[in-house]
1. Against the condition surrounded by 14 or more Cβ atoms within 10 Å (Cβ to Cβ), farther than 16 Å from THR25 by Cα and touching a Leu at 6+ places or on another chain (Cβ under 9 Å), how does ALA115 come out, does it pass?
2. Hey, can you tell me all the residues within region 118-138 that are within 23 Å of GLY6 (Cβ to Cβ) and surrounded by 17 or more Cβ atoms within 10 Å (Cβ to Cβ)?
3. Of everything in region 102-137, what is closer than 17 Å to THR11 by Cα and not in a helix (DSSP H, G or I)? Give them in sequence order.
4. Here's a check for you: in region 5-51, which residue that is in a loop (DSSP other than H, G, I, E, B) and closer than 26 Å to VAL98 by Cα is modelled with the highest pLDDT?
5. Restricting the search to region 7-26, which residues are among the basic types (Lys, Arg) and within 10 Å of the chain's Cα centre (by Cα)?
Amino acid sequence: MTTLCGIKSATFKHIESELYSYKDTLKEIDNLRDEIMSPTKENDQNTGGGSNSVRAISKPTEKIATRLLTHKTLRNLEEIATAITDVYNMVSDDHKKVIETRYWGNRHLDWDGVADITNMHRNTALKYRKEVVLLIANKLGWR
């Protein structure tokens, strides 16, 4: 396995993939939260339960909070989205331009096109890319 600046090349590509799908990830987080917050009503199969039958105590707020905290997919997506947001908020405006242009703008641009739009040299744009990906990897604890 080759490493790229301290992280594996597969990790680098995975983080870039997460950057490309960042907006979709935010939508998916919202959808999962909505699903958890307002689940469809479960059908009670025990319609004629006796007086000594075991029944779950109904505490909807606690149930929802527990589901929100224990939902693995939601937790993972939130961790990735938070890392991207935090890194985006802490980097320079030039880094932000590169992120917006390459990952959240026209996906068909090559790095020369990104450099032209952001008014910087291609190598500078690639350097900013590497710095952003490494910061996200560090925040996530990925190697």
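1. Considered against the rule, which asks whether it is surrounded by 14 or more Cβ atoms within 10 Å (Cβ to Cβ), farther than 16 Å from THR25 by Cα and touching a Leu at 6+ places or on another chain (Cβ under 9 Å), ALA115 comes out as yes.
2. Within region 118-138, ALA125, TYR128, ARG129, VAL132, VAL133, LEU134, LEU135, ILE136, ALA137 meet the criteria.
3. Hit for region 102-137 is TYR103, nothing else.
4. Among them, the one singled out is SER21.
5. LYS23
Residues checked against (1) aliphatic (A, V, I, L, M); (2) over 17 Å from GLU18 (Cα atoms); (3) at pLDDT 85 or above; (4) not in a helix (DSSP H, G or I):
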{"position": "SER53", "(1), (2), (3), (4)": "no, yes, no, yes"}
{"position": "LEU77", "(1), (2), (3), (4)": "yes, no, yes, no"}
{"position": "ALA81", "(1), (2), (3), (4)": "yes, no, yes, no"}
{"position": "ASP86", "(1), (2), (3), (4)": "no, no, yes, no"}
{"position": "GLU100", "(1), (2), (3), (4)": "no, no, yes, no"}
{"position": "LYS139", "(1), (2), (3), (4)": "no, no, yes, no"}
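The values are calculated or read from the model by the stated rules, or taken from the named source; none is laboratory data. Since the model is a prediction, treat every value here as computed from it, not as a measurement. FYI the Cβ positions are ideal-geometry reconstructions off the backbone, even for glycines, and counts take in every protein chain you see.
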